Amino acid sequence: MSTAKEDILGRIRSSLSDHPSPPEPIRNYRRTSKLSKEATLEMLVDRLIDYKANVFYATEETIAHRIDELLQDASRYVVPVGIKESWLPEDTARRSRIFDAGNLKKAGTLSTRELDSVNAVVTNSTVSCAETGTIFLNTNSDEGRRAITLVPDHHICVVKEDTIVELIPEAFERIDYKRPVTMISGPSATSDIELIRVEGVHGPRTLDVIILQ
């Protein structure tokens, strides 16, 4: 161990020798929204569009038709095993769905190479925060494992109206942290030093969000 490192660690041990108690954090930020349901939805849609996501609306009766339209020329798309099949359009000779088991130890779990060969993925979501325009996936059976939402180039994500909240603390209350959490704020994008935006670098190039009313 270098002398400098020994000195640093020695000073840390000396400072902590009397076991000081850390100060209680001040939680004076907002934890409960006062916005109406309509205003919260409007805020979320505004943020999503600003992040260059595409936003659509559907009901239980129309969602399969909407997803059929969004899949367009996709020949194969992946879905988690727990998704509602009534949401999905019928398979045709031109296009078919592939179910992902979501567990690497189970048959039916797609490899990364197999995921890279599909055109799109369709999932549900757990909660969405309007203030930040963030959609949370909590690895539920209708959302699937993280890989299926990161590898395909097109993500169609269903957001139920009753899962939309305004604030991050409200969103965190709906998350089960025993399972992996994926937070999505628009399609994957990055910029270089000249601020040239490049999409699809670390995840889907296209994010279509369906607000299920």
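For ILE98, nonlocal amide neighbours, meaning residues 5 or more places apart or on other chains whose placed amide H falls under 5 Å from its own, are TYR77, VAL78, VAL79.
Roughly how far apart, in whole Å, are the Cα centres of region 140-174 and region 54-125? Region 140-174 and region 54-125 have Cα centres separated by 15 Å.
Using a Förster distance of 22 angstrom, determine the FRET efficiency expected from the C-beta separation of ASP176 and THR32, and round it to 0.05.
0.60
Of the chymotrypsin sites (Phe, Trp or Tyr not before Pro) found in region 1-108, those that fall in a DSSP loop while having at most 10 other beta-carbon atoms within 10 Å are TYR29. Sites counted here are GluC sites (Glu not before Pro) in a DSSP loop (not H, G, I, E or B) having no more than 12 other Cβ atoms within 10 Å; the longest part of the chain that contains none of them is 91-172.
Taking other Cβ within 10 Å of each residue's Cβ, how do LEU70, LEU9 sort, fewest first?
Starting with the residue having the fewest Cβ neighbours, the order is LEU9, LEU70.
For the chain, the longest principal axis of the alpha carbon atoms and the long axis of helix 37-50 meet at an angle near 90°. Entry note, the chain: the mean residue ellipticity at 222 nm calculated from DSSP H runs of n ≥ 4, each adding -39500 (n - 2.57), is -6500 deg cm²/dmol after division by the residues and rounding to the nearest 500. A simple charge model with +1 on the Cβ of Lys and Arg, -1 on the Cβ of Asp and Glu and nothing else charged puts the dipole of region 117-173 at about 340 debye relative to its Cα centre.
Under Stokes-Einstein, with the Kirkwood radius over Cα pairs as Rh, the value for region 35-212 at 20 °C and 1.002 mPa s is 130 µm²/s. Structure remark: mean-square fluctuation, Gaussian network model of the chain, C-alpha springs under 10 Å; the largest value among ASN140, ASN28, ASN54 belongs to ASN28. The dipole here belongs to region 35-212: it is taken about the Cα centre, uses +1 on the Cβ of Lys and Arg and -1 on the Cβ of Asp and Glu, and is about 800 debye. Each of LEU167, LEU207, LEU137 was scored by other Cβ atoms within 10 Å of its Cβ. Arranged with the fewest first, they read LEU167, LEU207, LEU137.
Bear in mind these aren't lab numbers, they're just calculated from the coordinates by the rules spelled out. Since this is a predicted model, take the numbers as computed values, not measurements. Ideal geometry is used to build each Cβ from the backbone, glycine not excepted, and the neighbour counts take in all protein chains shown.
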